[in-house]
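Here's the structure, in structure tokens; my notes come after.
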Amino acid sequence: MKAGLAGLAGSLFLASAAVAAPTYIHAGRLIAVPGQTVRGPSTIIVDGGLIRAVQDGFLPAPAGARTVDLRSRTVLPGLIDSHVHLTSDRGGEANLLASVREEPAMHALEAQMNGMKTLRAGFTTVRNLGDDEGITLALREAIKRGWVQGPRIIDAASAISTTGGHMDGRGALNDELVAHLPDPENLCDSIEACRKVVRRQIDRGADVIKFATTGGVNSGTGLATRMFEDEARALVDTAHAYGRKVAVHAHGADGIKLALRAGADSIEHGTVMDAEVLRLFRQRGAYYVPTLSTVNGYLERLAKDPNAYTGAVKQQIDWRIGITGQSLQKAYPAGVKIAYGTDAGVSKHGRNADEFELLVKYGMPPAEALKAATVNAADLLGLAKEVGTVEPGKSADIIAVDGDPLTDVTVLKEVDFVMARGDLIKNEP
Ligand SMILES: [Zn+2]
């Protein structure tokens, strides 16, 4: 059990790292910096959770150091998913039922399990964009302390919307039940309220702020704009004043434009785009996070149970399935910056790599898709100094696959080696 020892926080971590032996990873091929030339046989020297050196050829490990033989593999940086919800991936009616019948303690254990599925799939960093109970904030801390294993988490705490918007969960409940609930802390309908709700999330520990300018598919709240521009500006300006980036859920073109004008750092889903949307993206330098994988989740659940979704939600799911990939087909050729994100939770945890296939299907070259899940996502998450490449000084977040992901991205679905912050998570022959 390495996690208990090597993951300890603060000075204890440094003390244990100092006595831990360095690791020499022999990589057959090395995509050290996605987007740049692939290296041949290389040695990655890992010590104290960090990459200390990357050298050409297979350097013999000195006495006391351990060797990891990946000479037949392609080695690359740990992958990053910029949009997940670790607490569940049940979806639809089943998710609603679980949210009212099961205790938060069960949701917490479920989140840890989903984090492990994600990590073992090669995703060593995730950005969690909303949960109601503070579970992912706690999981983030437990992972940092080495209590449990999991991916590095950038967390949004509760996602924000206006009353009756995508994040107002009361829409799915009857009035009698709603009357007994405390007022939600994640809704705002004025400049002052929007400033306050952001401050509240930051006080709870949010690394990033997430809000919705439009309704959403899974809440059945529609796809049109449901926020005024002054509210969106208050949210973004407050988050930025406190040094937090902003991720905005938006489906319709008007809601995307409103978010981009207000200063959003990324647009999540971005389902409908026109020329003005593309112009604003480029002018503002914001990232687009496509989350095409949601459609996989919908199709799987509907194949098992035609009543997995009902009413307005089902109608909006049908719309979303029909329109998948259309905005990526516009955004990629237009030079919009793209960061990898699945919305796992809607799709299944541990299957995060399925998004690669969809990105390529809708027009991205494999090398660009890989860059979206490493260098670009690291930039969006504000972690470019720590993750996203295999370079000296970076966190030892390293994965390996058989085959060449630059010609066939589906090899990324079978990650058989995972190292996270220097801890060996998985090494399958
Ligand atoms: Zn989401």
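Data table
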{"item": "Some residue of the range 207-216 being modelled with pLDDT under 95 and either outside the structural domain of Ile321 (by TED's automatic domain parsing) or of a type outside the set (Asp, Glu) (or both)", "result": "yes"}
{"item": "So Ala372, is it surrounded by fewer than 22 Cβ atoms within 10 Å (Cβ to Cβ) and of a type in the set (A, V, I, L, M)", "result": "no"}
{"item": "Some residue of the range 152-163 being more than 16 Å from the ligand (Cβ to nearest atom), in a strand (DSSP E or B) and at negative phi", "result": "yes"}
{"item": "Condition broken by Asp343, with the remaining ones in (1) within 14 Å of the ligand (Cβ to nearest atom); (2) surrounded by fewer than 21 Cβ atoms within 10 Å (Cβ to Cβ) satisfied", "result": "(2)"}
{"item": "Cβ pairs under 7 Å, 6+ apart, first in the range 118-131 and part of a helix (DSSP H, G or I), second surrounded by fewer than 24 Cβ atoms within 10 Å (Cβ to Cβ) and among the small types (Gly, Ala, Ser)", "result": "Thr118/Gly350; Arg120/Gly350"}
{"item": "Filter result for the condition that a residue is touching a His at 6+ places or on another chain (Cβ under 8 Å) and of a type in the set (Asp, Glu), over Glu141, Glu133", "result": "Glu133"}
{"item": "Condition met for Glu110 (away from the ligand (no atom under 16 Å from the Cβ), under 15 Å from Ala206 (Cβ atoms) and surrounded by fewer than 20 Cβ atoms within 10 Å (Cβ to Cβ))", "result": "no"}
{"item": "Test for Leu302: is it free of Cβ contacts under 8 Å to residues at least 40 places away in the same chain, away from the ligand (no atom under 14 Å from the Cβ), more than 17 Å from Gly215 (Cβ to Cβ) and under 23 Å from the mean Cα position of the chain (by Cα)", "result": "no"}
{"item": "Yes/no for Leu328 being assigned to a loop (DSSP other than H, G, I, E, B) and not small (Gly, Ala, Ser)", "result": "no"}
{"item": "Only one of Ala193, Ala247, Ala234 that is at pLDDT 95 or above, under 23 Å from Asp343 (Cβ atoms) and of a type outside the set (Asp, Glu)", "result": "Ala247"}
{"item": "Matching residues in the range 228-242 - criterion: being touching a helix residue (DSSP H, G or I) at 6+ places or on another chain (Cβ under 7 Å) and of a type outside the set (Asp, Glu)", "result": "Ala232, Arg233, Ala234, Leu235, Val236, Thr238, Ala239, Tyr242"}
{"item": "Within the range 242-252, considering residues that are away from the ligand (no atom under 14 Å from the Cβ) and within 17 Å of Tyr287 (Cβ to Cβ), the one surrounded by the fewest Cβ atoms within 10 Å (Cβ to Cβ)", "result": "Arg244"}
{"item": "Tally, over the range 302-355, of residues that are at pLDDT 95 or above, among the aliphatic types (A, V, I, L, M) and more than 22 Å from Gly270 (Cβ to Cβ)", "result": "0"}
{"item": "Members of the range 300-309 found to be surrounded by fewer than 21 Cβ atoms within 10 Å (Cβ to Cβ) and not in a helix (DSSP H, G or I), listed by number", "result": "Asp305, Pro306, Asn307"}
{"item": "Hits in the range 285-297 (condition: in a helix (DSSP H, G or I) and touching an Asp or Glu at 6+ places or on another chain (Cβ under 9 Å))", "result": "Thr294, Asn296, Gly297"}
{"item": "Some residue of the range 366-382 being at positive phi and in contact with a strand residue (DSSP E or B) (Cβ under 7 Å, 6 or more places away or on another chain)", "result": "yes"}
{"item": "Qualifying residue in the range 5-15 (condition: at pLDDT below 95, buried (at least 19 other Cβ atoms within 10 Å of the Cβ) and not in a strand (DSSP E or B))", "result": "yes"}
{"item": "Set Lys257, Lys361: member being assigned by TED's automatic domain parsing to the domain that holds Arg195, within 25 Å of Asn128 (Cα to Cα) and of a type in the set (Lys, Arg)", "result": "Lys257"}
{"item": "Selection count, the range 132-151, where residues are crowded, with 24+ Cβ neighbours inside 10 Å and either at positive phi or assigned to a loop (DSSP other than H, G, I, E, B) (or both)", "result": "2"}
{"item": "3 or more residues more than 16 Å from the ligand (Cβ to nearest atom): qualifying strands (runs of 3 or more DSSP E) within the range 22-94", "result": "23-30, 42-47, 50-56, 66-77"}
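Quick grid of which residues meet (1) among the hydroxyl-bearing types (Ser, Thr, Tyr); (2) surrounded by fewer than 21 Cβ atoms within 10 Å (Cβ to Cβ); (3) on the phi < 0 side of the Ramachandran plot:
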{"residue": "Phe281", "(1), (2), (3)": "no, no, yes"}
{"residue": "Ala286", "(1), (2), (3)": "no, no, yes"}
{"residue": "Pro290", "(1), (2), (3)": "no, no, yes"}
{"residue": "Tyr298", "(1), (2), (3)": "yes, no, yes"}
{"residue": "Gly311", "(1), (2), (3)": "no, yes, no"}
{"residue": "Asp318", "(1), (2), (3)": "no, yes, yes"}
{"residue": "Ile323", "(1), (2), (3)": "no, yes, yes"}
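The values are calculated or read from the model by the stated rules, or taken from the named source; none is laboratory data. This structure is a prediction, so every number in the text was calculated from the model and none was measured. Every residue, glycine as well, gets a Cβ built from its backbone with ideal geometry; the counts of neighbours run over all protein chains shown.
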